[in-house]
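*Asks:* Could you have a look at this structure, given as structure tokens, before my questions?
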Amino acid sequence: MAQQVNNETTPSTPGKLKPDKPHHRFRIHPPHSRYTFICILLSAFLVFLLFSTFNPPPPSTTAPRRVLGDSWGGSHWERLVSKSTRRNSASNKIVLVTGSAGFVGSHVALALKRRGDGVLGIDNFNRYYDVNLKHARQKLLERAGIFVVEGDINDGTLLKKLFDVVPFTHVMHLAAQAGVRYAMQNPNSYVHSNLAGFTVLLEACKSANPQPAIVWASSSSVYGLNSKVPFSEKDRTDQPASLYAATKKAGEGIAHTYNHIYGLSITALRFFTVYGPWGRPDMAYFFFTKDILKGKQITVFESPDGGSVARDFTYIDDVVKGCLGALDTAKKSTGSGGKKKGSAQFRVFNLGNTSPVPVSKLVAILEKLLKVNAKKRVLPMPRNGDVKFTHANISLAQREFGYKPTIDLETGLRKFVKWYLEFYSSGSIKKGSSSW
Ligand SMILES: O=C(O)[C@H]1O[C@H](OP(=O)(O)OP(=O)(O)OC[C@H]2O[C@@H](n3ccc(=O)[nH]c3=O)[C@H](O)[C@@H]2O)[C@H](O)[C@@H](O)[C@H]1O
């Protein structure tokens, strides 16, 4: 029931009562009151300064918008694009890889190029984590003959231009705002990349002629609070535990709509905690390695009931094979120029390792490989979007394209640690330059 409000006695701001004599509120009595007023203003300014110093805004993950002809466009740029997308005579694929300066994106782009496909990358080089690492990956791609367009998937004009210049047969969509826990700090970046950006990309794909087939990265996090294990594609995905998971789940819904209305062939891959060389510094295995080597304390989460938290850690090379398998079995889209001509393929696959490992075991393996004892602090998992356990049932991917992970966590971490030590001691990136 609505409460009666007495304007004379109700505070205008919680905790503050209106002065007894409101008509005196804005009158300044010289000279004593003027000094008081100036002091209040100065104090307010100082408080504001202090607040902005100690509470810096989260790093911007949105790349600045570029205008046609500024960083892209023009005949030289078009030549670079065309050259990058040349395929060898045995290949029938020209692939646009979004997020190509990212972890999975760079590995997949290189694998496609190596086997002779035409490949073009696009990445917005946002500052979610150390951009130097992204540029180092870009250099690898350039050396292999892959051009990375610097642009955002939210830029529909740029995407249209790319589809005008190149008849892409496939889009491998790996650009995303990743990270489960960061969603509490910067929710908008998830909406920007995983919802708005994905929709702009699908719009460009649906209008293209020919329409490409799309394979894209969903996430194991869509299983959320589902407790039935191992997670199968038919299980519930309507209880996300983080905004990240919610945007990936919504992405699967958006993808279905474009498949249904426009005849786009779409395959979603639910990745399970992918790790390995050239990985993401925001992920636990990566920053645990960094902190253990520095002698810094690490926090290991356990479940609220004292049990271990576990992940189906999946090695990057296994995931790359899964991505290529999905791409190679993707059927053509059926529409053209925005018009559906028939029903099209719509698939969802788990790409996991089928062998969950407790986080405490991950730390023990790292201690062994690094030959350093970690300073551990064990804490109950905070309510920050994390889930207790992931475990993939991969039989569907196995049946469809022979997906079969072969790398166990210790073997994969050995490869990661080798890369990490070489990379960060070679001066490729200044130590500690990462924001993680
Ligand atoms: O499969 C996915 O779809 C997702 O995988 C990844 O998420 P997660 O599985 O949460 O990986 P990650 O952060 O490395 O934490 C690993 C473990 O360490 C624990 N963890 C974490 C931090 C910490 O300080 N302590 C700790 O114990 C933590 O509780 C967890 O058990 C991707 O980041 C995400 O983008 C998405 O792709």
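The values are calculated or read from the model by the stated rules, or taken from the named source; none is laboratory data. Just so we're clear, the structure is a prediction, and the values are computed from it rather than from any experiment. Cβ atoms come from the backbone with ideal geometry, glycine included; neighbour counts cover every protein chain shown.
*Asks:* Test Pro304 against the criterion of being exposed (fewer than 15 other Cβ atoms within 10 Å of the Cβ), closer than 24 Å to Ser242 by Cβ and out of contact with any Asp or Glu (no Cβ under 6 Å at 6 or more places or on another chain), and give yes or no. Lay out the reasoning, then the answer.
*Replies:* On the way: exposed (fewer than 15 other Cβ atoms within 10 Å of the Cβ): yes; closer than 24 Å to Ser242 by Cβ: yes; out of contact with any Asp or Glu (no Cβ under 6 Å at 6 or more places or on another chain): yes.
Answer is yes for this residue.
*Asks:* Checking Leu133 against (1) part of a helix (DSSP H, G or I); (2) free of Cβ contacts under 8 Å to residues at least 60 places away in the same chain; (3) over 21 Å from Ile266 (Cα atoms), which test does it fail?
*Replies:* If we test Leu133 against (1) part of a helix (DSSP H, G or I); (2) free of Cβ contacts under 8 Å to residues at least 60 places away in the same chain; (3) over 21 Å from Ile266 (Cα atoms), just (2) comes out false.
*Asks:* Could you check Ala176 against (1) outside any helix (DSSP H, G or I); (2) touching a Pro at 6+ places or on another chain (Cβ under 8 Å) and say which number it fails?
*Replies:* Only one criterion in (1) outside any helix (DSSP H, G or I); (2) touching a Pro at 6+ places or on another chain (Cβ under 8 Å) is unmet by Ala176, namely (2).
*Asks:* Moving on. Determine whether region 192-200 contains at least one residue that is among the polar types (S, T, N, Q), in a helix (DSSP H, G or I), buried (at least 24 other Cβ atoms within 10 Å of the Cβ) and within 14 Å of the chain's Cα centre (by Cα).
*Replies:* Kept after step one, since they are among the polar types (S, T, N, Q), are these residues of region 192-200: 193-194, 199.
Keeping just the survivors that are in a helix (DSSP H, G or I) gives 193-194, 199.
Among the residues that remain, those that are also buried (at least 24 other Cβ atoms within 10 Å of the Cβ) are: 193-194.
Those still in the list that are within 14 Å of the chain's Cα centre (by Cα) too: 193-194.
Yes, some residue in region 192-200 is among the polar types (S, T, N, Q), in a helix (DSSP H, G or I), buried (at least 24 other Cβ atoms within 10 Å of the Cβ) and within 14 Å of the chain's Cα centre (by Cα).
*Asks:* Moving on to the next point. Pull up region 305-352, narrow it to residues that are of a type in the set (S, T, N, Q) and not in a loop (DSSP other than H, G, I, E, B), then point me to the one that is farthest from Phe416 (Cα to Cα).
*Replies:* Filtering region 305-352 for residues that are of a type in the set (S, T, N, Q) and not in a loop (DSSP other than H, G, I, E, B), the one farthest from Phe416 (Cα to Cα) comes out as Ser336.
*Asks:* Run Gly276 past the list (1) more than 25 Å from Pro358 (Cα to Cα); (2) in contact with a strand residue (DSSP E or B) (Cβ under 6 Å, 6 or more places away or on another chain); (3) among the small types (Gly, Ala, Ser) and report the number of the one that doesn't hold.
*Replies:* (1)
*Asks:* Filter region 199-219 for residues that are within 14 Å of the ligand (Cβ to nearest atom) and touching a His at 6+ places or on another chain (Cβ under 9 Å); which is nearest to Arg347 (Cα to Cα)? Full working, then the answer.
*Replies:* The initial filter retains those residues of region 199-219 that are within 14 Å of the ligand (Cβ to nearest atom), namely 216-219.
Of the ones still in play, those that are also touching a His at 6+ places or on another chain (Cβ under 9 Å) are 216-217.
Values: Trp216: 11, Ala217: 12 Å.
Filtering region 199-219 for residues that are within 14 Å of the ligand (Cβ to nearest atom) and touching a His at 6+ places or on another chain (Cβ under 9 Å), the one nearest to Arg347 (Cα to Cα) comes out as Trp216.
*Asks:* Taking region 107-133, which residues are touching a Phe, Trp or Tyr at 6+ places or on another chain (Cβ under 9 Å) and within 26 Å of Glu203 (Cβ to Cβ)? Even if it seems obvious, please write down each step before you answer.
*Replies:* In the first step, residues of region 107-133 are kept if they are touching a Phe, Trp or Tyr at 6+ places or on another chain (Cβ under 9 Å); the result is 107, 118-121, 128-131, 133.
Gly118, Val119, Leu120, Gly121, Tyr128, listed by residue number.
*Asks:* A further question on this structure: Please give the number of the condition Val320 fails out of (1) more than 18 Å from Gly385 (Cα to Cα); (2) within 16 Å of the ligand (Cβ to nearest atom); (3) touching a Phe, Trp or Tyr at 6+ places or on another chain (Cβ under 9 Å); (4) among the β-branched types (Val, Ile, Thr).
*Replies:* (3)
*Asks:* Follow-up. Which is away from the ligand (no atom under 13 Å from the Cβ), under 23 Å from the mean Cα position of the chain (by Cα), surrounded by 14 or more Cβ atoms within 10 Å (Cβ to Cβ) and modelled with pLDDT of 95 or more, of Ala397, Ala344, Ala392? Reasoning before the result, please.
*Replies:* Values: Ala344 fails: under 23 Å from the mean Cα position of the chain (by Cα); Ala392 fails: away from the ligand (no atom under 13 Å from the Cβ).
Exactly one residue qualifies, and that residue is Ala397.
*Asks:* If you don't mind, there's one more thing I want to ask. Could you look through region 254-302, keep only residues that are closer than 25 Å to Ala392 by Cα and of a type in the set (Asp, Glu), and pick out the one that is nearest to the ligand (Cβ to nearest atom)?
*Replies:* Only one residue fits best here, namely Asp282.
*Asks:* Right, here's the next one. Of the residues Lys206, Lys134, only one is more than 16 Å from the chain's Cα centre (by Cα), of a type in the set (D, E, K, R) and crowded, with 20+ Cβ neighbours inside 10 Å; which?
*Replies:* On the way: Lys134 fails: more than 16 Å from the chain's Cα centre (by Cα).
After ruling out the rest, the residue left standing is Lys206.
*Asks:* From (1) touching a residue at least 60 places away in the same chain (Cβ under 8 Å); (2) outside any strand (DSSP E or B), pick out the condition that doesn't hold for Leu96.
*Replies:* Only one criterion is unmet by Leu96, namely (2).
*Asks:* Okay, moving on. Pull out all pairs, ordered by first then second residue, where Cβ-Cβ is under 8 Å, the residues are six or more apart or on different chains, the first lies in region 295-310 and is over 22 Å from Ser227 (Cα atoms) and among the hydrophobic types (A, V, I, L, M, F, W, C), and the second is more than 7 Å from the ligand (Cβ to nearest atom) and part of a loop (DSSP other than H, G, I, E, B).
*Replies:* From region 295-310, the pairs are Ile298/Ala374.
*Asks:* Which of the numbered conditions does Ile153 fail, given that it passes all the others? Conditions: (1) surrounded by 20 or more Cβ atoms within 10 Å (Cβ to Cβ); (2) out of contact with any helix residue (DSSP H, G or I) (no Cβ under 6 Å at 6 or more places or on another chain); (3) within 22 Å of Pro210 (Cβ to Cβ).
*Replies:* Unmet for Ile153, out of (1) surrounded by 20 or more Cβ atoms within 10 Å (Cβ to Cβ); (2) out of contact with any helix residue (DSSP H, G or I) (no Cβ under 6 Å at 6 or more places or on another chain); (3) within 22 Å of Pro210 (Cβ to Cβ): (2).
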